[in-house]
1. FRET efficiency for GLN94 and ILE175, Cβ-Cβ distance as r, R0 = 45 Å, nearest 0.05?
2. Plugging the Kirkwood radius over Cα pairs into Stokes-Einstein for segment 85-150, at a temperature of 10 °C and a viscosity of 1.306 mPa s, what D comes out in µm²/s?
3. Taking a 23 Å limit on the Cα-Cα distance, which of the listed pairs LYS12/LYS43; LYS14/LYS121; LYS60/LYS155; LYS14/LYS38 fall beyond it?
4. For each of SER93, SER113, count neighbouring Cβ atoms within 10 Å of the residue's Cβ, then give the residues from fewest to most.
5. Let me make sure I get this right: for segment 20-99, a, b and c are the square roots of the gyration tensor eigenvalues over alpha carbons, sorted descending. Under 1.5 in a/c it's rounded, otherwise prolate if a/b > b/c, else oblate. Which is it?
6. Starting with the highest mean, order 38-49, 121-132, 146-157 by the number of other Cβ atoms within 10 Å, averaged over the residues of each peptide.
7. Need one number for the chain: average projected area of the convex hull over its C-alpha atoms, nm².
8. Is it possible to state the helix-based mean residue ellipticity at 222 nm for the chain, with each DSSP H run of 4+ residues giving -39500 (n - 2.57), the sum divided by total residues, to the nearest 500 deg cm²/dmol? What is it?
Amino acid sequence: MPFDQMQQWLQKEKDLGSPNPYNIVLATATREGIPHSKIVAIKEIRADTILFFTQRETRKAKELQENPCASMTLWLPLQQREVIVDGKVEPLSQEENERYWQDMPHDRQLMFSVYSPLSGKAIDSIRELEDERLALEKKYKDKPIPITDFYCGFKFIPAYFYFYTLGNASFSEVIRYAQSHKTWEKQMLSP
Ligand SMILES: Cc1cc2nc3c(=O)[nH]c(=O)nc-3n(C[C@H](O)[C@H](O)[C@H](O)COP(=O)(O)O)c2cc1C
């Protein structure tokens, strides 16, 4: 139910002309609860989880290891709609990481190989990254690029979904889905 609804709203946003509604806001927090939000790309929406990928050295990956609670917000401007998903994450297995790595185009793999070990660290200029990319390009010319130790995926396991439709002339509509005993309870909330 809520997963289908989310897919339908994303697909509608795409059909209306949005280039990539799958870039969403992800909020993570430290163990002490200090929050930090950022954009990530939804890689896949499965029957009961939502997948995204990152690098182990990023702040988000470190925060999610110490505090798996997270929240996603999708803003769909062409429909004036919002979806909020609250839940927890679990890391993907190394086997799954490998599978998604293999599906990535060669030049994306190269980019990841260059910046994954350095994610979030200070650099002097983009030139550093470009030189490294050229070196790797030579090294892996016509050869498969092995997965970096830093590439990692997470599955987001929702506990709540909020579907918000902004009413212009009328009231806004808010529908909440809460998970309870493996089923989804649907409720309308006052906006
Ligand atoms: C359109 C867009 C898509 C992005 N997608 C991702 C992504 O899928 N994974 C990721 O780790 N960072 C992605 N980023 C970069 C993050 O927003 C963020 O700046 C970076 O990962 C550092 O976040 P952190 O310090 O909270 O870990 C994207 C940025 C933009 C603008």
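Nothing in this text is a laboratory measurement; each read-out follows from the coordinates by a stated rule. A quick note: this is a predicted structure, and the numbers were derived from the prediction, not measured. When we count neighbours, we look across all protein chains shown, and the Cβ atoms used for this are built from the backbone with ideal geometry, even at glycine.
1. Values: r = 37 Å, r/R0 = 0.83.
FRET efficiency, GLN94 to ILE175: 0.75.
2. On the way: Rh = 13.5 Å.
So the translational diffusion coefficient is about 117 µm²/s.
3. On the way: LYS12/LYS43 18 Å; LYS14/LYS121 35 Å; LYS60/LYS155 13 Å; LYS14/LYS38 21 Å.
As for pairs spanning more than 23 Å Cα to Cα, those are LYS14/LYS121.
4. On the way: SER93 11, SER113 21.
Lowest count first: SER93, SER113.
5. Values: a/c = 1.91, a/b = 1.22, b/c = 1.57.
Oblate is the answer for segment 20-99, as a/c is 1.5 or above yet b/c matches or exceeds a/b.
6. On the way: 38-49: 13.6, 121-132: 9.9, 146-157: 18.7.
Result, highest mean first: 146-157, 38-49, 121-132.
7. Details: hull surface 54.2 nm².
Taking the Cα atoms of the chain, their convex hull projects to 13.5 nm² on average.
8. Working: 5 runs with 56 residues, N = 191.
After summing the helix terms and dividing by residue count, I get -9000 deg cm²/dmol.
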